[in-house]
Amino acid sequence: MPARIAAGFKFFGFAACVALTLAGVRIGARPRSNQTPPTPSSDATSPKAVVSQYCVSCHSAKLKTAGVDLETLDFTTVGANAETWEKVIAKLRAGSMPPPGRPRPDHATYDAVASSLEREVDRAWDAAPNPGRIAAVHRLNRVEYNNAIRDLLALDVDVKPLLPGDETADGSFDNFADSLSISTAHLERYLSVARQVTRLAVSLPPSNPGLERFEIPLFVMQDDRQSEDLPLGSRGGIAIRHDFTVDGEYLIKVRLQRQYQDYLKGMGWPQQLDVRLDGKLLKRFSVGGKAQGRPAAASYAGDGEPGFAGDDSWEKYMQVGGDAGLELRVPVTAGPHIVGVSFVRELWEPEGLPQPLQRGRVIANDQVYMDYANVGSVQIGGPYSGLGARDSRLGETPSRRAIFICREQDQTCATKILNRMARLAFRRPVTAADTKTLLAFFEAGRKDSGTFDGGIQFALERLMVDPDFLLRVYRSTGRLSDLEIASRLSFFLWSSVPDDRLLTLAERGELTKPAILEQEVRRMLADPRAVDALVGSFAAQWLNLRRVEEVVVDPERYPNYDLSLLQAFQRETELFVGSTIREDRGVPALLDADYTFVNERLARHYGIPGIYGSRFRRVSLPNPDQRGGLLAQGALLATTSYPDRTSPVLRGKFLLNNIFGLPVPPPPPGVDTNLENKPGAALKTMRERLAQHRQNPSCSSCHAVIDPLGFALENFDVIGGWRTIDEAGKPVDASGATIGGDKVDGLGGLRALLLARPDQFPRTVTEKLLSYALGRRIEYTDQPAVRKIVRDAAAGGYRWSSLILGIVESPPFLMRSGT
């Protein structure tokens, strides 16, 4: 390549943007018309011959374009320069080098050379595996800490909001060891949370009654049954799973929903509100229909405009009187219970001409006087009686049954309790020093409280802030110990501490025996905690599901949007991914499955007939050309859009990062990324605006890869609805072509592109899953392991269990480099 061209590549960020054109892997490049036919001689298609013919003109010892010198590399010892050759392999697999316009080999030659280099790199790695280095100290993130509390104390509470947020490494996973720092804020919160959860688990009465508030977001629609924990025939409200500290009397208080001026909604007619405990009706209230005097004009409640405000009596009722007295005190036993608050469902239709749906604006602004009333919040307070010392013989809770394995209330019993809890929390055998420390805190707690239970609680509080609980410390290099592997395995599959069986096998040194290790992996995958953790922690971050609640939608352009729809998007994807793991399907089913999970709200949005009610159920898709697989699900489409328009760039970036497995660099500094139509100018389609944007040479190299993939999803609007007309009022054009020349036309074309190479998507999933399992980024040293895992899983159709077993049995998982 001439020096002028090479300099141009450097100027336009060659290293970053060509990394993008890897579409890697996998965008399946095809030879262009100017490609040179392969020479029949096998020597001519050897790696050395191909690199010499097509690559060295730029990547020579003199030019070193992008810092790469291929001229002086020894082709007889490929494994000795694995880092460089892995970069070359990625370029070859993508067909991204040589750059367009230069002579290029045909597709068969690309594949032959890449395969040859992979074999040589893998052969060298097999002889001396490099597992990569992981940090010696790995703090539990918030999810892992919360799950550990659940499993140790049999306490199903959410303490994540009480802890500082976890840093996410480069937008990937929040369990990367090098991103999980420890600050004084962490230490302060750990001390506070440890005290709260241990007192709740042991059922120690609080010194004063407490009060917790549970709110329902304003944009959640409450026109149907809200939860499986609420009765059939109910509407709206909330079901709260709450742990009551001790036996006693508790307050349950309901506040109804208000609009932005703090006026109650739906008060024009009487409705019935039920309060239940574990499904049993405690009290039925009547709300609404009691306002006196002239009401305010529709949507003017609280404005105070002369001639529009209501009479004083009506105003007072709408602000204060409508939900006054919606409270009761009730005796509740200690432990977990479900508090349910909901309306009795009454169906009705408004009189008069049907009006256009304006849900987004009306929810916030209007008092919807003759519509449904909604629950705004529920408060649970107490206990207001029963605050005396706890008698261990009284009614037991799941937490007390898990903790108090003996009843003698002496030091021998305390030692037995604390040693058991410490072994599980520290994930190793307990030492004499551990026991001595915990017993000292037990004695101090018993002396201070005057009770055996108080001593156990104080010792457990100390245990919950111990570094051996909060930190996973790796002391081994080379092969990890069985105990270290037990922790790594449980945090990978359960996001929690090992159970007794896993620890027992590790203590015996039997866990890493191949047959036993496979048996344990399959046992753990069969536990519901595995699906919960792999969906809630791995898939939620891989697929950006945690960002669904952050989505903002323009209510004027999308008046049928509400938060219930976004919640349905997230639940659909969680159930869908969970079903593929639970049924041990091949991961390609994530792309082309002919089923999904919907409730009535989501089915109506997707155009699926015959679905009624708020319960999610599995349905076969009647329109596979428009729905099917992750790429057509609302959660992914909504998180890759702007409030008022779709974004082929955001969607293309998501596909490259998370489906094709390629990191996308940020735009160069100073580049104008504004694609909005100018005021007063004729509306342009998104394709026209991006074509204009690509006229900037510093943008074209990256957008040539990103945009065609994003255009393939243009038939989906901002909230995932199917469309044939775009925001500019013109027919949607969902066609495009990759940099390798492949045509992509809509959802079907994108799906076909991904499935054309069977190992393409499984490799992306494996890379993401391995990174999550190790708690670090994937490095070039991991690529041989990734290739082996994918090859071994091919015979079984790339099932989840095959990929997970391959990861667990791989050197990066079982070993740790000392350098």
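Among the conditions (1) at pLDDT 75 or above; (2) under 17 Å from residue 644 (Cβ atoms), the only one that residue 715 does not satisfy is (2).
Comparison of 172, 179, 192, 227 shows that the only residue that is among the small types (Gly, Ala, Ser), touching a helix residue (DSSP H, G or I) at 6+ places or on another chain (Cβ under 6 Å) and under 27 Å from residue 494 (Cβ atoms) is 179.
Of 718, 732, 786, all but one fail to be closer than 30 Å to residue 561 by Cα, free of Cβ contacts under 8 Å to residues at least 24 places away in the same chain and open to solvent by less than 40 Å² (accessible area, probe 1.4 Å); the exception is 732. Scanning region 116-130 for residues that are of a type in the set (D, E, K, R), open to solvent by 30 Å² or more (accessible area, probe 1.4 Å) and touching a residue at least 24 places away in the same chain (Cβ under 8 Å) gives 120, 123, 126. From the list 93, 102, the lone residue that is open to solvent by 30 Å² or more (accessible area, probe 1.4 Å), among the charged types (D, E, K, R), modelled with pLDDT under 85 and touching a strand residue (DSSP E or B) at 6+ places or on another chain (Cβ under 7 Å) is 93. Among the conditions (1) surrounded by fewer than 16 Cβ atoms within 10 Å (Cβ to Cβ); (2) modelled with pLDDT of 95 or more, the only one that residue 479 does not satisfy is (2).
Within region 580-600, not a single residue is of a type in the set (Gly, Ala, Ser), within 27 Å of residue 533 (Cα to Cα) and at pLDDT below 95.
Taken together, 200, 191 contain a single residue that is touching a strand residue (DSSP E or B) at 6+ places or on another chain (Cβ under 8 Å), open to solvent by 30 Å² or more (accessible area, probe 1.4 Å) and under 24 Å from residue 421 (Cβ atoms), which is 200. Being modelled with pLDDT under 95, surrounded by 15 or more Cβ atoms within 10 Å (Cβ to Cβ) and either not aromatic (Phe, Trp, Tyr) or not in a helix (DSSP H, G or I) (or both), is that true of even one residue in region 430-440? No; the residues of region 430-440 include none that is modelled with pLDDT under 95, surrounded by 15 or more Cβ atoms within 10 Å (Cβ to Cβ) and either not aromatic (Phe, Trp, Tyr) or not in a helix (DSSP H, G or I) (or both).
Within region 739-783, the residues that satisfy the criterion of being open to solvent by 10 Å² or more (accessible area, probe 1.4 Å), part of a helix (DSSP H, G or I) and free of Cβ contacts under 8 Å to residues at least 60 places away in the same chain are 749, 752. Residue count for region 151-170, restricted to those that are touching a residue at least 40 places away in the same chain (Cβ under 8 Å) and open to solvent by 60 Å² or more (accessible area, probe 1.4 Å): 3.
Within region 560-580, not a single residue is open to solvent by 30 Å² or more (accessible area, probe 1.4 Å), among the small types (Gly, Ala, Ser), closer than 30 Å to residue 232 by Cα and over 16 Å from the mean Cα position of the chain (by Cα). Of the listed requirements (1) assigned to a helix (DSSP H, G or I); (2) at pLDDT 85 or above, residue 164 misses just one: (1). Can you pull out the residues in region 482-502 that are basic (Lys, Arg) and either under 25 Å from the mean Cα position of the chain (by Cα) or open to solvent by less than 10 Å² (accessible area, probe 1.4 Å) (or both)? Within region 482-502, just 488 meets the criteria. Listed by first and then second residue, the pairs with beta-carbon distance under 6 Å, at least 6 apart or on different chains, first residue in region 61-73 and more than 24 Å from residue 120 (Cα to Cα), second modelled with pLDDT of 80 or more and crowded, with 18+ Cβ neighbours inside 10 Å, are 65/58; 65/59. Being within 14 Å of residue 341 (Cβ to Cβ) and in contact (Cβ under 8 Å) with a residue 40 or more places away in the chain holds for only one residue in 258, 199, 225, 195, and it is 225. The single condition among (1) part of a helix (DSSP H, G or I); (2) at pLDDT 95 or above that residue 797 does not meet is (1).
Scanning region 214-273 for residues that are among the charged types (D, E, K, R), touching a strand residue (DSSP E or B) at 6+ places or on another chain (Cβ under 7 Å), part of a loop (DSSP other than H, G, I, E, B) and closer than 18 Å to residue 376 by Cβ yields a count of 3. Considering (1) more than 22 Å from the chain's Cα centre (by Cα); (2) aromatic (Phe, Trp, Tyr); (3) buried (at least 21 other Cβ atoms within 10 Å of the Cβ), the lone condition that residue 660 does not fulfil carries the number (1). Only residues that are open to solvent by 50 Å² or more (accessible area, probe 1.4 Å) and without any contact (Cβ under 8 Å) to a residue 24 or more places away in the chain were counted in region 509-531, giving 6.
Of all the residues that make up region 131-143, how many are open to solvent by less than 60 Å² (accessible area, probe 1.4 Å) and out of contact with any strand residue (DSSP E or B) (no Cβ under 9 Å at 6 or more places or on another chain)? Here the count works out to 3.
A quick yes/no check of all residues on (1) open to solvent by less than 30 Å² (accessible area, probe 1.4 Å); (2) modelled with pLDDT under 95; (3) out of contact with any helix residue (DSSP H, G or I) (no Cβ under 7 Å at 6 or more places or on another chain):
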{"position": "255", "(1), (2), (3)": "no, no, no"}
{"position": "263", "(1), (2), (3)": "yes, yes, no"}
{"position": "272", "(1), (2), (3)": "no, no, yes"}
{"position": "279", "(1), (2), (3)": "no, no, yes"}
{"position": "287", "(1), (2), (3)": "yes, no, no"}
{"position": "301", "(1), (2), (3)": "yes, yes, no"}
{"position": "306", "(1), (2), (3)": "no, yes, yes"}
{"position": "316", "(1), (2), (3)": "no, yes, yes"}
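Among (1) open to solvent by 30 Å² or more (accessible area, probe 1.4 Å); (2) within 23 Å of the chain's Cα centre (by Cα), which single condition is residue 620 missing? In the conditions (1) open to solvent by 30 Å² or more (accessible area, probe 1.4 Å); (2) within 23 Å of the chain's Cα centre (by Cα), residue 620 misses (2) alone. Residue-level check: of (1) at pLDDT 95 or above; (2) open to solvent by 60 Å² or more (accessible area, probe 1.4 Å); (3) not aliphatic (A, V, I, L, M), residue 381 misses just (2). Of the helices (runs of 4 or more DSSP H) that lie entirely inside region 561-615, those containing 3 or more residues that are in contact with a strand residue (DSSP E or B) (Cβ under 8 Å, 6 or more places away or on another chain) span 563-582.
The values are calculated or read from the model by the stated rules, or taken from the named source; none is laboratory data. Remember, it's a predicted structure, so these values are computed and weren't measured experimentally. Cβ: placed from backbone, ideal geometry, glycine included. Neighbour counts: every protein chain shown. Heavy atoms of the whole protein, side chains included, go into the accessibility calculation; ligands, DNA and RNA do not. Shrake-Rupley method; radii C 1.70, N 1.55, O 1.52, S 1.80 Å.
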